[in-house]
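Heads up, the thing below is written out as structure tokens.
The values are calculated or read from the model by the stated rules, or taken from the named source; none is laboratory data. Fair warning: this is a prediction, and the values are worked out from it, not measured in the lab. Quick reminder, even Gly has a Cβ in these numbers, built from the backbone with ideal geometry, and neighbours come from all protein chains shown. Please note that ligands, DNA and RNA were not included when accessible areas were found on the heavy atoms of the full protein model with its side chains. Shrake-Rupley method; radii C 1.70, N 1.55, O 1.52, S 1.80 Å.
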Amino acid sequence: MPERTVVALRRGRAALTSEQAERLAPVVHLPVERLLAANPPLPEDLVADLDQPGYRAKVVALAERRGIDEIEAWLTAGFAVAAVAHRQTEGEKPAWTDRLDHYFALVLDEP
């Protein structure tokens, strides 16, 4: 994990992804769920966008592709998008739908 990611996590400026939590849990001797529960909350406007029917179908597709449940897929997508937005916008309000579209295009190999 890059040092800047570790620093951002420690400062509460980035969210730990489920993949990162799975790698970190055995090192710090804590359950994955506890690590993820310590994440800062997702922005309300991102949650609202992610709850739209079009994204719900993409969350289901992500869950099936990765062999995880829908809640974990939803959290994975939300925290991944929020973490990248935080690094790139530095306080400006992100365009969540554009970021969600880009994220799902990448992870689901969509055109």
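Give the residue that is farthest from Thr17 (Cα to Cα), with candidates limited to residues of the stretch 52-111 that are assigned to a loop (DSSP other than H, G, I, E, B) and open to solvent by 100 Å² or more (accessible area, probe 1.4 Å).
Of everything passing the filter in the stretch 52-111, Pro111 is farthest from Thr17 (Cα to Cα).
From Val47, Val27, grab the single residue that is open to solvent by less than 60 Å² (accessible area, probe 1.4 Å), of a type in the set (A, V, I, L, M) and either modelled with pLDDT of 90 or more or over 24 Å from Glu110 (Cβ atoms) (or both). Walk me through how you get there before you give the answer.
Numbers: Val27 fails: open to solvent by less than 60 Å² (accessible area, probe 1.4 Å).
Every option except Val47 fails the conditions.
For residues that are part of a helix (DSSP H, G or I) and under 14 Å from the mean Cα position of the chain (by Cα), scanning just the stretch 1-24, find the one that is surrounded by the most Cβ atoms within 10 Å (Cβ to Cβ).
Restricting attention to the stretch 1-24, the residues satisfying the condition of being part of a helix (DSSP H, G or I) are 3-10, 18-24.
This time we only want the ones that are under 14 Å from the mean Cα position of the chain (by Cα), so: 5, 9, 18-22.
Working: Thr5: 15, Leu9: 19, Ser18: 19, Glu19: 12, Gln20: 20, Ala21: 22, Glu22: 13.
The residue in question is Ala21.
Any idea which of (1) under 15 Å from the mean Cα position of the chain (by Cα); (2) surrounded by 11 or more Cβ atoms within 10 Å (Cβ to Cβ); (3) modelled with pLDDT of 85 or more is the one Arg34 doesn't satisfy?
Evaluating Arg34 over (1) under 15 Å from the mean Cα position of the chain (by Cα); (2) surrounded by 11 or more Cβ atoms within 10 Å (Cβ to Cβ); (3) modelled with pLDDT of 85 or more leaves (1) as the failure.
Tally time: how many residues in the stretch 1-44 are farther than 24 Å from Pro94 by Cβ and touching an Asp or Glu at 6+ places or on another chain (Cβ under 7 Å)?
Qualifying residue count for the region: 1.
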